[in-house]
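**Student:** Sharing a structure here in structure tokens format.
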Amino acid sequence: MAMNDARLDMYDDGISAVDPTYVQGEMTVGPNTRSQASLGDADFSTLDEPIRETILRDVRAVGKKFLHVLYPKEKKSLLKEWDLWGPLVLCTFIAMVLQGSSDTANDSNDGGPEFAEVFVIVWIGSMVVTLNSKLLGGNISFFQSVCVLGYCLLPTAIALIICRIILLVEQTTFLFVLRFIITVIGFAWATYASMAFLGDSQPPNRKALAVYPMCFFYFIISWLVISHTV
């Protein structure tokens with residue numbers, strides 16, 4: 001009975017009773033799932049609700065995670081209710097904006113390599129950073145880390161939008177410096193937000209080893225933003 005009670009407490013709280021520093025994540029169907037489960041509604045399922053309501057609930061959940069990245073105060077919510085919808089949207093958006101934006105002599109180039117380049121860097125890069133974090137003793141799951149790294153691309157995506165708007169006018173040295181500063185701010189913001197979520201999951205004596213690959217990951221994407229908008 002004691003083991004069953006401990007196991008129930010682990011699933012109710014989302015945090016292991018054995019190791020209080022371990023943050024367990026789960027894919028949820030919405031913010032009302034736990035409240036309905038607590039009311040004893042065992043028959044609740046997403047199959048019993050309209051598709052429109054399911055989509056809107058998921059969109060609101062993704063929007064809340066974006067807000068947490070812009071204002072990284074609540075550290076546990078993005079880890080507990082992780083998903084990959086936000087990273088997929090941001091990755092697709094950045095790839096679509098960057099594709100074909102570099103100057104090429106061949107007008108038949110459709111920008112395919114640029115699109116694939118962004119996808120490879122974002123997903124493979126986030127996986128490498130996550131693997132490094134796990135090897136250093138990080139106490140979060142693989143998909144939690146990938147989720148955070150993907151959602152924290154939001155500042156870089158905002159910097160990309162601003163840079164593309166600035167490119168609509170005739171370029172000068174001042175505008176290039178302005179775009180460079182905006183890109184640096186997006187890079188610093190993304191790095192700070194990711195560290196706010198993932199910093200506590202690393203051993204104190206190994207945080208520097210975890211921060212370096214993370215900074216390098218966002219630096220490469222920021223470099224793509226400033227170099228492909230020349």
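The values are calculated or read from the model by the stated rules, or taken from the named source; none is laboratory data. For clarity, every value in this text was computed on a predicted model and none was experimentally measured. Cβ: placed from backbone, ideal geometry, glycine included. Neighbour counts: every protein chain shown. We work out accessible area using only protein heavy atoms, side chains counted, and drop any ligands, DNA or RNA first. Shrake-Rupley method; radii C 1.70, N 1.55, O 1.52, S 1.80 Å.
**Student:** Take the range 126-136 and flag every residue that is assigned to a helix (DSSP H, G or I) and surrounded by fewer than 18 Cβ atoms within 10 Å (Cβ to Cβ).
**Tutor:** Residues of the range 126-136 assigned to a helix (DSSP H, G or I): 126-135.
Correct list: MET127, VAL128, LEU131, ASN132, LYS134, LEU135.
**Student:** Restricting the search to the range 62-71, which residues are buried (at least 19 other Cβ atoms within 10 Å of the Cβ) and either out of contact with any helix residue (DSSP H, G or I) (no Cβ under 9 Å at 6 or more places or on another chain) or modelled with pLDDT under 85 (or both)?
**Tutor:** Matches in the range 62-71: HIS68 only.
**Student:** Among the residues of the range 91-101, is there at least one that is farther than 21 Å from TYR212 by Cα, open to solvent by 60 Å² or more (accessible area, probe 1.4 Å) and at pLDDT 85 or above?
**Tutor:** Yes, there is a match, as at least one residue in the range 91-101 is farther than 21 Å from TYR212 by Cα, open to solvent by 60 Å² or more (accessible area, probe 1.4 Å) and at pLDDT 85 or above.
**Student:** If I ask for residues that are farther than 16 Å from VAL129 by Cβ and of a type in the set (D, E, K, R), which ones from the range 199-230 would you list?
**Tutor:** ASP200
**Student:** If we scan the range 153-172, do we find a residue that is assigned to a loop (DSSP other than H, G, I, E, B) and in contact with a strand residue (DSSP E or B) (Cβ under 8 Å, 6 or more places away or on another chain)?
**Tutor:** Among the residues of the range 153-172, not one is assigned to a loop (DSSP other than H, G, I, E, B) and in contact with a strand residue (DSSP E or B) (Cβ under 8 Å, 6 or more places away or on another chain), which makes the answer no.
**Student:** OK, next. Which pairs do you get when a residue that is closer than 14 Å to THR156 by Cβ, found in the range 197-226, comes within reach of a residue that is of a type in the set (Asp, Glu) and in a helix (DSSP H, G or I), reach meaning Cβ atoms under 8 angstrom, with the pair 6+ apart or on two chains?
**Tutor:** Close Cβ pairs satisfying both conditions: LEU224/GLU117.
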